[in-house]
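Data first, discussion second: the structure below is written as structure tokens.
Quick note: the coordinates plus some simple rules give every number you see, no bench work behind them. What you are looking at is a predicted structure, and each value in this text was computed from that prediction instead of being measured. All Cβ positions, even for glycine, are placed from backbone atoms using ideal geometry, and neighbour counts span all protein chains on display.
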Amino acid sequence: MAGKVKSVYVCSACGHEYSKWFGQCPNCKEWSTLEEEVRTAASVQKSSSAFLSANRSRVYALNEITADTEHRFDTGLNELNRVLGGGLVKGSIVLLSGDPGIGKSTLLLQICEHLGKMLKILYVSGEESAHQIKLRATRLNVKSENLSILCETDAQYICEVIASEKPDIVMIDSIQTMNIAELSSSAGSITQVRETTNMFMRTAKTLNIPMIIVGHVNKDGNIAGPKVLEHIVDAVLYIEGDRNFSYRILRAVKNRFGSTNEIGMFEMQDIGLTEVSNPSMMLISGKPKNTSGSCIACVMEGTRPIMAEVQSLVTPTGFGTPRRMATGIDYNRMAMLIAVLEKRAGYFIGNMDCYINIIGGLKIDEPAADLSVALAIVSSLKDYAVPEDLLAFGEIGLGGEIRAVNSCEQRIREAAKLGFRKCVIPKYNLQKICNKLTDNIEVVGVSNIRQAFQAIMD
């Protein structure tokens, strides 16, 4: 006898379920996140446990468990290994997300080409046919004999194939196309995404097989499906970048086996994604000469210092209300810096349009970039070009003071290596750095914005 059909309302942000609809989720307080799901009572638990019912785990004593270093697979891409914390961990499940056409499937096939030389790989596709995958593999010169293709969307059948074939690595593209037949909801719904991910997670842990799952994003840039999806997996990777530009940034927002601060830089070419070993040189290579409104910032992405060009354009407005636009930095941060420049430094921009852009599609959220943004704004306002061999970093407080930042010595070393001859830093940091750093580069300590602008004019 079939189970009773009922409707529930699931929050896409937190995953909580309710018997009736609310405009605001009572749990996470988000608005318009409840979505209706029609399901058969008691079918979810049955479907999610049907495959692994014969593989129940036993209870282990703590002394029986070995604490050896986790086994990692080299993906063949040093930038990807850096983001993962050293490679793909055995038995882990990684969620790879990004905008359509950004290079997710391309990255998977490139991993398959390297790992397929020694390991058996199963590539599961729910979106493309085997012929389409073959055409992309031919374009990317992927010829691995250990790569198998499975075009299927039934999650339970896929888990059965994984258990019988016993591949070393599994790729699933994408999680939004997978479904469990016992669930009445359609593929891509909150319930289907949650339950299929749970099934794949238990399969990966039970068989000790690493999985990479592709996840699509919605119009807001978040992973489509419930927020609980990110809690189930071991690592969440985002590929960022504009489709109209060739550069891609791989960022980890969750990683149980490594740091979440590291980024990887790639360039999309005809042969696929190629690594960018020196992203700083790439980001500042096209900097215009003798042009106002441009300043180089040094930000820390994990353990790696990266130079980024901050561009600003300040021009008289043609409207009643001046326009403000920020690309690559937080809009509210830009508005705060403009207010500080007016109140504390006397640079009036109230009747001016102000545009900020970070070159290369890089997104900066570190306060250390405040000084570079402020100098770029003042440079455009005064129409005075910042010297090409100068960079600046430091956090700006509401009092107009330049506050200290971390990893100062590492930033200066990277600047000197790239040929910069002058560096404007917080005065407090100047007292702490080693004297040897000043041999190849002039370091100037400043305590406020006016001193910083005077330093670039000297």
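Tell me which residues come under 5 Å, amide H to amide H, from residue 396 once H is placed; ignore anything under 5 positions away on its chain.
For residue 396, whose amide H was placed from the backbone, the distant partners under 5 Å are 370, 371, 403.
Please give the length that would be gained between residue 383 and residue 36 if that part of the chain were fully extended, namely 0.36 nm times their separation in residues minus their C-alpha to C-alpha distance (nm, one decimal).
On the way: separation 347, 0.36 × 347 = 124.92 nm, distance 5.65 nm.
The residue 383-residue 36 span can extend by a further 119.3 nm.
With 29 Å as the limit, write out which pairs from 289/363; 166/363; 205/363 have Cα-Cα distances beyond it, or answer none.
On the way: 289/363 24 Å; 166/363 40 Å; 205/363 35 Å.
Cα-Cα > 29 Å for 166/363; 205/363; rest within.
If the cut-off is 19 Å between C-alpha atoms, which aspartates and glutamates fall inside it for residue 143, apart from same-chain ones fewer than 8 positions away?
By straight Cα distance, residue 143 reaches 74, 113, 128, 168, 270.
Using the Cα centre of segment 282-457 as the reference point, and only Cβ charges (+1 on K/R, -1 on D/E), how large is the resulting charge dipole? Debye, rounded to the nearest 20. Please report the intermediate quantities before stating the final value.
Numbers: 20 positive and 17 negative charges, 35 e Å.
Rounded to the nearest 20 debye, it is 180 debye.
For a footprinting-style exposure proxy, rank 348, 266 by other Cβ within 10 Å, fewest first.
348, 266
Along segment 366-375, what does the Karplus equation 6.51 cos²θ - 1.76 cosθ + 1.60 (θ = phi - 60°) give for ³J(HN,Hα), rounded to whole Hz, x for Gly and Pro?
Per-residue couplings from phi come out as 8, x, 5, 7, 4, 5, 5, 5, 5, 5 Hz.
Take every Cα-Cα distance within segment 70-276, group them into 5 Å bins from 0 onward, and report for each bin the whole-number percent of pairs it holds.
1, 8, 17, 21, 23, 18, 10, 3, 0, 0
Mind sorting 104, 134, 20 by how few other Cβ atoms lie within 10 Å of their own Cβ, fewest first?
Numbers: 104 20, 134 13, 20 8.
Final ranking by Cβ density, sparse to dense: 20, 134, 104.
How many nm separate the modelled label positions at residue 450 and residue 59, each set 7 Å beyond the Cα in the direction of the Cβ?
7.3
Sum -39500 (n - 2.57) across every DSSP H segment of at least 4 residues in the chain, then divide by the residue count to get the 222 nm mean residue ellipticity, nearest 500. Could the numbers behind the result be given before it?
On the way: 13 runs with 128 residues, N = 458.
When only DSSP H runs of four or more count, the value is -8000 deg cm²/dmol.
Counting only residues 5 or more places away or on other chains, whose amide H sits under 5 Å from the amide H of residue 89 once H atoms are built in the peptide plane?
The list, which skips near neighbours in sequence, is 73.
Once you sort the root eigenvalues of the Cα gyration tensor of segment 282-457 as a ≥ b ≥ c, which label holds: rounded (a/c under 1.5), prolate (a/b larger than b/c) or oblate (the other case)? Kindly include the intermediate steps, with their values, before the conclusion.
Working: a/c = 1.74, a/b = 1.51, b/c = 1.15.
Prolate is the answer for segment 282-457, as a/c is 1.5 or above and a/b outweighs b/c.
Mind listing the long-range amide H neighbours of residue 353? Cut-off is under 5 Å, sequence gap 5 or more, other chains count too, H placed in the peptide plane at 1.01 Å from N.
315, 317, 323
Given labels modelled 7 Å from the Cα in the Cβ direction, how far is it in nm from residue 28 to residue 351?
Placing both labels 7 Å beyond Cα along the Cβ direction yields 4.7 nm.
Please turn the phi angles of segment 271-276 into ³J(HN,Hα) values with the Karplus equation 6.51 cos²θ - 1.76 cosθ + 1.60 (θ = phi - 60°), one per residue in order, whole Hz, x for glycine and proline.
Values per residue, Gly and Pro as x: 8, x, 7, 10, 6, 10 Hz.
Specify the angular offset, from 0 to 90 degrees and rounded to the nearest 10, of the alpha carbon long axis of helix 155-165 from the longest principal axis of the alpha carbons in the chain.
Approximately 80 degrees, to the nearest ten.
What is the spin-label model distance, in nm, from residue 143 to residue 410 if the labels are put 7 Å beyond Cα along the C-beta direction?
Once both label points are built, they end up 4.1 nm from each other.
Could you give me the ³J(HN,Hα) list for segment 254-263, computed from phi with Karplus coefficients 6.51, -1.76, 1.60 and θ = phi - 60°, whole Hz, x at Gly and Pro?
8, 7, 6, 10, x, 7, 9, 9, 7, 10
Just going by the charge dipole of the chain, with Lys and Arg at +1 and Asp and Glu at -1 on Cβ, which of 23, 273, 360 is farthest out on the positive end?
Looking along the dipole axis, the top candidate is 23.
In segment 372-458, what is the count of Lys pairs whose alpha carbons are under 23 Å apart, counting only pairs at least 8 residues apart or on separate chains?
On the way: 382/422; 417/427; 417/432; 417/436; 422/432; 422/436; 427/436.
Lysine pair count for segment 372-458: 7.
List the trypsin sites (Lys or Arg not before Pro) within segment 294-341 that DSSP assigns to loop and that have no more than 15 neighbouring Cβ atoms inside 10 Å.
On the way: sites: 323, 324, 333; in loops: 323.
Answer by residue number: 323.
At q = 0.07, 0.08 Å⁻¹, what is the log10 ratio I(q)/I(0) for the chain, with the Debye formula run over Cα points and no solvent?
Computed log10 I(q)/I(0) values: -0.46, -0.59.
Tell me which of 101, 187, 434 sits at the most positive position along the dipole axis of the chain, charges placed on C-beta atoms (Lys, Arg +1; Asp, Glu -1).
434
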